[in-house]
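Heads up, the thing below is written out as structure tokens.
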Amino acid sequence: MFNLQRQLCTLYANSALNAFQIAGASWVALLAARGYSLVEIGMAESVFHFTSLLGEVPSGVVSDMWGRKKAMVCSQCLLVLAALAMLVSRGMPGILLAMALDALSYNFSSGTREALAYDSLKQEGREGDYDRFSSTELMIYRISGAAATLCAGLALAIGYRKAYLIDALLGAACLAVTLRLKETGGGGTAGARPDWARIKACFRKSFDFLRGEKRAVRLIFLNAGVGAAATLLGFFLQARLPACGLPDAVLGPALFVMGLGGAVGARAVLLFRRWRYGQVYLLAAAGVAVCLGLSFVRAPVLMIACGSGAALFDDLIEVRSDIRLNQLVPSGQRATLLSVSSLCFSLVMIGLSPLLGKLFSM
């Protein structure tokens, strides 16, 4: 028997455990501690997003046709493999393999969790509650991720191998939680296997929808631009803050404060329900641009404030965009079309990662 409250609580638990990765939360700092330059770290980030670019839409199609739960289980298995690959890595090839596996894990969960939540609510006639779920889920994700950054000093102290071993164990725990999810009518058929004809048809319907729905395309690219700038700022500040004099012991709390900015932004979206999407977007874009510019001042307190502010504005527009996009797309193609959104984000990140890596290393 389907229990909506249990389903939503399980999705919240999945988000919390998925975000609490002590090595994953400080991967830039760990690579910097191993002697890798910001340019090399930017290259690793580009590999992540290039892999995501290739796997994003196919993973969404599999989710729509094979089932949301199965896609999320696959995501957790890949996350454990990525942590183990980073654990045994001895050079850039191993690191790039781990980043690719991590990207595929991201592919199978991005859009899928949101699609499963929306379809679960719709199944009970409560899709109007999705904005509250989306805000709460992202807030939980950000708080859990921020809590993981408190362990940045621990991760640096125990070394990347032990840190990634802990991540692998946490990933296995998250897998056990994910197995408790229930499939809904919007995500595939139990026991069905996707065939090429149906996959092709799903691709065609999705891109036909995007071709005719210009609002969705515009929303996707606007959100990707703001999100990429804010995400990269947070990544590179992990390496820049110690270089600007911040003690290693304080790095974890600093990243925690930055992560809390995202949690505040995710919850603050409920205060802007009466604002038009364009107004919220202009506020978020301007806020991220100001934070990005000020972050080049080599003052740790100001840099932390900029990282926190950028995360706040990013999550504010991300939740608003997620709500709007879910209202626009049909149920049977929801995961595929949300994956197209993540694909566009990856395109922007591929271009910006090396560029900002060079700027921040100057």
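The values are calculated or read from the model by the stated rules, or taken from the named source; none is laboratory data. Remember, predicted model here, so these are calculated numbers, not experimental data. Backbone-built Cβ (ideal geometry, glycine too); neighbour counts: all protein chains shown.
Annotations for the structure displayed:
- Residue match in the range 114-130 (condition: over 20 Å from the mean Cα position of the chain (by Cα), within 23 Å of residue 77 (Cβ to Cβ) and not hydroxyl-bearing (Ser, Thr, Tyr)): yes
- Among the candidates 274, 218, 240, residue that is surrounded by fewer than 20 Cβ atoms within 10 Å (Cβ to Cβ), among the basic types (Lys, Arg) and part of a helix (DSSP H, G or I): 218
- Residue in the range 61-70 that is hydrophobic (A, V, I, L, M, F, W, C), more than 27 Å from residue 325 (Cβ to Cβ) and out of contact with any strand residue (DSSP E or B) (no Cβ under 7 Å at 6 or more places or on another chain) present: no
- Top-ranked residue in the range 28-65 [being among the aromatic types (Phe, Trp, Tyr) and either surrounded by fewer than 21 Cβ atoms within 10 Å (Cβ to Cβ) or modelled with pLDDT under 80 (or both); ranked as farthest from residue 100 (Cα to Cα)]: 36
- Any hit, the range 76-84, residues being surrounded by fewer than 19 Cβ atoms within 10 Å (Cβ to Cβ) and over 19 Å from the mean Cα position of the chain (by Cα): yes
- Any hit, the range 16-25, residues being within 24 Å of residue 240 (Cα to Cα), of a type in the set (A, V, I, L, M) and in a helix (DSSP H, G or I): yes
- Options 130, 141; residue that is under 20 Å from residue 22 (Cβ atoms) and either modelled with pLDDT under 90 or in contact with a His (Cβ under 8 Å, 6 or more places away or on another chain) (or both): 141
- The condition of being within 24 Å of residue 312 (Cα to Cα) and modelled with pLDDT under 80 holds for only one of 254, 239, 228, 224, that being 239.
- Residue match in the range 166-179 (condition: modelled with pLDDT of 85 or more, over 21 Å from the mean Cα position of the chain (by Cα) and surrounded by fewer than 19 Cβ atoms within 10 Å (Cβ to Cβ)): no
- In summary, residue 156 fulfils each of the numbered conditions (1) touching a Gly at 6+ places or on another chain (Cβ under 8 Å); (2) surrounded by fewer than 22 Cβ atoms within 10 Å (Cβ to Cβ); (3) within 17 Å of residue 24 (Cα to Cα) with the single exception of condition (1).
- Among the residues examined, residue 36 qualifies as aromatic (Phe, Trp, Tyr) and under 22 Å from residue 153 (Cα atoms).
Condition check ((1) within 22 Å of the chain's Cα centre (by Cα); (2) at pLDDT 85 or above; (3) over 16 Å from residue 321 (Cβ atoms)) across all residues:
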{"position": "264", "(1), (2), (3)": "yes, yes, yes"}
{"position": "270", "(1), (2), (3)": "yes, no, no"}
{"position": "274", "(1), (2), (3)": "no, yes, yes"}
{"position": "280", "(1), (2), (3)": "yes, yes, no"}
{"position": "289", "(1), (2), (3)": "yes, yes, yes"}
{"position": "293", "(1), (2), (3)": "no, yes, yes"}
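A quick yes/no check of all residues on (1) within 30 Å of residue 254 (Cβ to Cβ); (2) touching a residue at least 12 places away in the same chain (Cβ under 8 Å); (3) not in a helix (DSSP H, G or I):
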{"site": "117", "(1), (2), (3)": "no, yes, no"}
{"site": "122", "(1), (2), (3)": "no, yes, no"}
{"site": "128", "(1), (2), (3)": "no, no, no"}
{"site": "135", "(1), (2), (3)": "yes, yes, no"}
{"site": "142", "(1), (2), (3)": "yes, yes, no"}
{"site": "145", "(1), (2), (3)": "yes, yes, no"}
{"site": "167", "(1), (2), (3)": "yes, yes, no"}
{"site": "172", "(1), (2), (3)": "yes, yes, no"}
{"site": "183", "(1), (2), (3)": "no, yes, yes"}
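- Of the residues making up the range 282-322, those that are assigned to a helix (DSSP H, G or I) and surrounded by fewer than 21 Cβ atoms within 10 Å (Cβ to Cβ) number 14.
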